[in-house]
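Quick note: the coordinates plus some simple rules give every number you see, no bench work behind them. Being a predicted model, the structure only gives us computed values, none of them experimental.
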Ligand SMILES: Nc1ncnc2c1ncn2[C@@H]1O[C@H](COP(=O)(O)OP(=O)(O)OP(=O)(O)O)[C@@H](O)[C@H]1O
Ligand SMILES: [Mg+2]
C-alpha cells in the first residue's frame, strides 16, 4: 500500500496551520514526525484519521482518492496521547466496542481481541477496568484497540510521554511487530532517542511543509 499526501492544507478559523504538506509513505514503514510545538503534528494525525476535515489537497491510497471522514471500513487507527480509553469499562469492553459498532462477526472479533491481548501481554488484565491499569498497560490497551479493525495505518501521538525506559523498550518491540505485519506506522514524538531508534524515516514540519531529516543530523 502506498499513501500519497498531496499539498494538504488546514486552517482553524483564518489561521493557516500548514498549507503544503506532501509526502509518500508505504506499508511496513515506521515514519516519525518531529516539529516545534504548535507546528500542527497532532492536527495532521487527526486529519488523516478523519477527526478533523482539511481545506484542500488530497490523500491518495494506492492512487485512489481517500476521504478519511468517509470510510466504511476504517483503514487508519489512532493511539491518542492520553489514550482516550473508556475508564469505567474493562479492557475487553474497550477492545470490542468499535468492532461491535462496525458489526464485526462475534467469532472473528473474539479471536482478534484474544490475539492482540496475547501479543501485547495484557491478557491477564482483560477483565480489569481501565482506571485500575498503569500508564504502560493502558497504552498497550490503546494500541490493541486501535488494531482491532485491522488498520493499514496506525498513528501514535507522543507515545512515550507517559512511559519509563523499560516501557519504551517494550513499545519499540510492539511497534516493530506491527511493521512486520506490513502496517504503516506514523509516530509523532518529541523524544529524539526513541525516534532515532524506531524510525525508518523522519519528517519535520517546517513552514507548512514536510521535510525529510537524516538521523545523523538530529
Ligand atoms: N480545534 C482547534 N481549534 C482551533 N485551533 C486549534 C485546534 N486544534 C489545534 N489548534 C491550533 O493548531 C495549531 C497546531 O496544533 P497541534 O496540536 O496540531 O500542534 P502540535 O504540533 O501537535 O504541538 P505539540 O508539539 O505541542 O503537541 C496550534 O496553534 C493550535 O492552537
Ligand atoms: Mg501534539
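Taking Cα atoms only, the orientation of helix 135-147 departs from the longest principal axis of the chain by about 80 degrees.
I need the Debye-formula profile for region 1-150: one equal scatterer per C-alpha, no solvent, reported as log10 I(q)/I(0) at q = 0.09, 0.11, 0.14 1/Å, two decimals. Each listed q maps to, in turn, -0.34, -0.51, -0.79. With the Kirkwood sum run over all distinct C-alpha pairs, region 133-174 has a hydrodynamic radius of 10.8 Å. Under the criterion of Cα pairs below 8 Å and six or more residues apart, the relative contact order for region 90-179 equals 34 percent.
The calculated P(r) of region 99-216, using every Cα pair and 5 Å bins from 0, goes 2, 10, 19, 21, 20, 13, 8, 5, 2, 0 in percent.
Need one number: % antiparallel among DSSP beta bridges in the chain, to the nearest 5. Each step should come with its number before you reach the end.
Values: 21 of 38 bridges.
In the chain, DSSP labels about 55 percent of beta bridges as antiparallel.
Rounded to the nearest 500, what is the chain's calculated 222 nm mean residue ellipticity when only DSSP H runs of at least 4 contribute -39500 (n - 2.57) each, over all residues?
Values: 6 runs with 69 residues, N = 218.
Computed mean residue ellipticity for the chain: -9500 deg cm²/dmol.
For the pair residue 20 and residue 214, the difference between a 0.36 nm per residue extended length and the Cα-Cα distance amounts to 67.8 nm.
Contact order for the chain, expressed relative to its length and based on alpha carbon pairs under 8 Å spaced 6+ residues apart, stands at 30 percent. Between the helical axis of 91-101 and the longest alpha-carbon principal axis of the chain there is an angle of about 60 degrees.
Overall shape: oblate for region 106-171, with the ratio a/c of the largest to smallest alpha carbon gyration tensor axis at 1.5 or above and b/c at least equal to a/b.
In whole percent, what relative contact order does region 1-116 give with Cα contacts below 8 Å and a gap of six or more residues?
Details: 129 pairs, mean separation 27.9, N = 116.
It comes to 24 percent, rounded to a whole number.
For the chain, the longest principal axis of the C-alpha atoms and the axis of helix 106-119 are separated by about 80°. Compute a Gaussian network model of the chain, connecting alpha carbons closer than 10 Å, and tell me which residue from 41, 112, 64 fluctuates the most. So, out of 41, 112, 64, the one fluctuating most is 64.
Can you tell me how region 36-85 classifies by the Cα gyration tensor, rounded, prolate or oblate, using a/c under 1.5 as the rounded cut? Oblate.
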